[in-house]
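Student: Before we start, here is the structure in question, set down as structure tokens.
Taken together, the values in this text are just the output of simple stated rules run on the coordinates, not laboratory data. Keep in mind that this is a model prediction, so the values were computed, not measured. Note: ideal-geometry Cβ built from the backbone for every residue, glycine included; neighbour counts use all protein chains shown.
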């Protein structure tokens, strides 16, 4: 019986193009070190947000800078056109949103890491600080799965990277088993020391 289960799992993996990473702990540690060492990270992502009532799409630019006193980032809405140009400066656990000369300082959203405004911030924090629960290769990408328990339940993130550069390619975020965000990165660059 156990042999049949293993054979079925192996066949499913072959059919879908995924495979177990030969040295997952080393691969995860190398990714974490690469993101920790990055002095700047620039991304552009198409983000689809599905909060149950409606699905919305955004294009978000994100610029992270490591500094001696910590790090900072700027998130810029590129699309939809109706809100393009809104920016958020991220420092620690606070956001300062601005549009033109208007600024609104606010704390991070209640659903940390589960909104288009802060998803990139939390993906980068996971890549820099957390140990993934699972590492595998899927088609031509390196995949990492992160899980966290929150007051609202289980949050799982599947993050897909280019295995040569560690650049973000895609991320899928689930809350209690339901996908709430999908990020497809059209650009991701990490600049080292």
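Student: For residue 84 and residue 50, what is the calculated FRET efficiency with R₀ set at 22 Å and r taken between the beta-carbons, to the nearest 0.05?
Tutor: Taking R0 as 22 Å, the efficiency between residue 84 and residue 50 is 0.55.
Student: Tell me, what is the percent relative contact order of segment 18-191, built from C-alpha pairs under 8 Å that lie six or more residues apart?
Tutor: With pairs under 8 Å counted, the relative contact order is 24 percent.
Student: Can you divide the C-alpha Rg of segment 18-191 by 2.2 N^0.38 Å and report the result to two decimal places?
Tutor: Dividing the Cα Rg of segment 18-191 by 2.2 N^0.38 Å gives 1.01.
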